[in-house]
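See below for the structure under consideration.
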Amino acid sequence: MTAGPATTILVDGHTHLHDAFDPVRFVETVDDNLRRGRPDASDVTCALVASTDARPALEGLRARLAGGLPGGGSVLPTEEDASLVVARGGRPRTVLVAGRQLRTAERLELLLWGCGDGDGARFDGAGFAATLDAALASAPLVIVPWAFGKWALGRYSRIRDAFAALSDEDRSRLLLGDNANRPPWRLPRPLARLRDEGFAVLPGSDPFPFEDEVHRVGTFGLALECALDLERPAASIGEALRRDAARGRTIGGPLGMTGFVRNQVRIRLRRGEAAR
């Protein structure tokens, strides 16, 4: 990698470009929300865009942005299939990193950084330990996101057991994911316990698949310093997260009680309708 000067990167570690979202609005909102209250124009925003199926995460977005963005934005070429850089005024502004979300037999989730529909995809639906091993073999960085209710009923013990079996090298490529879909209280206890054992936490907005949820992308993330390589931005930002996420500064915050309850009701109604 060709390391560039130290740059402050503002990272939302968990987004999805849902079918209900307008792609251009998604990109602009990620950038606007992550920059909120930060006047330094040299900061670069970043979002992990995780595909929830076999479609490559950035394929449609790359095609949609090929002709540029409103207001003179453009897409800069990189040497990676797993990244897309949006520039304005000739300066890099937003990095989008392709990812893959895997679901395990226990209904837990993993996010693969810088890996589209890679080899880990075939382990979708396997047990947590096997899926974690496959993810670490497929991606340079793996995030295990907390989600409301999903770490209960013995599943937290399975996570701890799988983590305990990892080598030091694999542990260094594993992050925990905080989630904006919760009340604005302290860090959930299971996350806090694992953080205290040495695992860094990467916050993310994790928008729900409703059209109005696009306004939430970029509302929860992490600020950290990175020697940004614009030819391989996913690799250089991923390395910065692996090395320094524990020293990053949280930006934004959780959804809040009203929004949390509203989204929980909406997603359950949607699932009920789909099951009919």
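Within the stretch 65-86, being touching a residue at least 40 places away in the same chain (Cβ under 8 Å), surrounded by fewer than 15 Cβ atoms within 10 Å (Cβ to Cβ) and under 23 Å from Ser51 (Cβ atoms) holds for one residue alone: Glu79. Would the stretch 238-246 turn up any residue that is part of a helix (DSSP H, G or I), closer than 21 Å to Val44 by Cβ, in contact with a strand residue (DSSP E or B) (Cβ under 7 Å, 6 or more places away or on another chain) and of a type in the set (D, E, K, R)? Yes.
When Ser51 is tested against the conditions (1) farther than 24 Å from Ala223 by Cα; (2) crowded, with 18+ Cβ neighbours inside 10 Å; (3) in contact with a Lys or Arg (Cβ under 6 Å, 6 or more places away or on another chain); (4) not basic (Lys, Arg), the lone failure is (1).
Within the stretch 64-105, take every residue that is outside any strand (DSSP E or B) and among the hydrophobic types (A, V, I, L, M, F, W, C) and give me the one that is farthest from Ala41 (Cα to Cα). Break it down stepwise before answering.
Step one: list which residues in the stretch 64-105 are outside any strand (DSSP E or B), which gives 64-68, 70-72, 77-82, 89-90, 104-105.
Restricting the remaining residues to those that are among the hydrophobic types (A, V, I, L, M, F, W, C) gives 65-66, 82, 105.
Working: Leu65: 22, Ala66: 24, Ala82: 25, Ala105: 44 Å.
Looking at residues that are outside any strand (DSSP E or B) and among the hydrophobic types (A, V, I, L, M, F, W, C), I get Ala105.
In the stretch 14-24, the residue that is nearest to Gly68 (Cα to Cα) out of those that are surrounded by 20 or more Cβ atoms within 10 Å (Cβ to Cβ) and out of contact with any helix residue (DSSP H, G or I) (no Cβ under 8 Å at 6 or more places or on another chain) is His16.
Confirm whether Leu61 is in contact (Cβ under 8 Å) with a residue 24 or more places away in the chain and assigned to a strand (DSSP E or B). Lay out the reasoning, then the answer.
On the way: in contact (Cβ under 8 Å) with a residue 24 or more places away in the chain: yes; assigned to a strand (DSSP E or B): no.
For Leu61, the condition - in contact (Cβ under 8 Å) with a residue 24 or more places away in the chain and assigned to a strand (DSSP E or B) - is not met.
Could you tell me whether Asp178 is of a type in the set (D, E, K, R) and either over 20 Å from Thr15 (Cα atoms) or surrounded by fewer than 24 Cβ atoms within 10 Å (Cβ to Cβ) (or both)? If you could, list the steps in order and put the result at the bottom.
On the way: of a type in the set (D, E, K, R): yes; either over 20 Å from Thr15 (Cα atoms) or surrounded by fewer than 24 Cβ atoms within 10 Å (Cβ to Cβ) (or both): no.
No.
Here's the yes/no breakdown for (1) under 30 Å from Ile267 (Cα atoms); (2) of a type in the set (S, T, N, Q); (3) touching a Gly at 6+ places or on another chain (Cβ under 9 Å); (4) surrounded by fewer than 17 Cβ atoms within 10 Å (Cβ to Cβ):
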| site | (1), (2), (3), (4) |
| --- | --- |
| Ala139 | yes, no, yes, no |
| Val144 | yes, no, yes, no |
| Gly149 | yes, no, no, yes |
| Leu153 | yes, no, no, yes |
| Ser157 | yes, yes, no, yes |
| Asp161 | no, no, no, yes |
| Leu166 | no, no, no, yes |
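On the stretch given as the stretch 87-103, residues that are of a type outside the set (D, E, K, R), under 18 Å from the mean Cα position of the chain (by Cα) and surrounded by fewer than 23 Cβ atoms within 10 Å (Cβ to Cβ) total 1. Do we find that Thr8 is of a type in the set (Val, Ile, Thr), at pLDDT 90 or above, surrounded by fewer than 22 Cβ atoms within 10 Å (Cβ to Cβ) and not in a strand (DSSP E or B) in this structure? It is false that Thr8 is of a type in the set (Val, Ile, Thr), at pLDDT 90 or above, surrounded by fewer than 22 Cβ atoms within 10 Å (Cβ to Cβ) and not in a strand (DSSP E or B). Within the stretch 217-232, being buried (at least 23 other Cβ atoms within 10 Å of the Cβ), touching a Pro at 6+ places or on another chain (Cβ under 8 Å) and not small (Gly, Ala, Ser) holds for Val217, Phe220, Leu222, Leu228.
Can you name every one of the helices (runs of 4 or more DSSP H) wholly within the stretch 119-216 that holds 3 or more residues which are of a type in the set (D, E, K, R) and on the phi > 0 side of the Ramachandran plot?
Details: elements: 128-138, 155-164, 168-171, 189-196.
So the answer is none; nothing clears 3.
Please go through the stretch 25-45 and give me each residue that is surrounded by fewer than 20 Cβ atoms within 10 Å (Cβ to Cβ) and either part of a strand (DSSP E or B) or touching a helix residue (DSSP H, G or I) at 6+ places or on another chain (Cβ under 7 Å) (or both), ordered by number. Arg25, Asp43 - these are the residues of the stretch 25-45 that are surrounded by fewer than 20 Cβ atoms within 10 Å (Cβ to Cβ) and either part of a strand (DSSP E or B) or touching a helix residue (DSSP H, G or I) at 6+ places or on another chain (Cβ under 7 Å) (or both).
The values are calculated or read from the model by the stated rules, or taken from the named source; none is laboratory data. Everything quoted here is computed from the prediction, not taken from an experiment. A quick note on method: Cβ atoms are made from the backbone with ideal geometry, for glycine too, and the neighbour counts reach across all protein chains shown.
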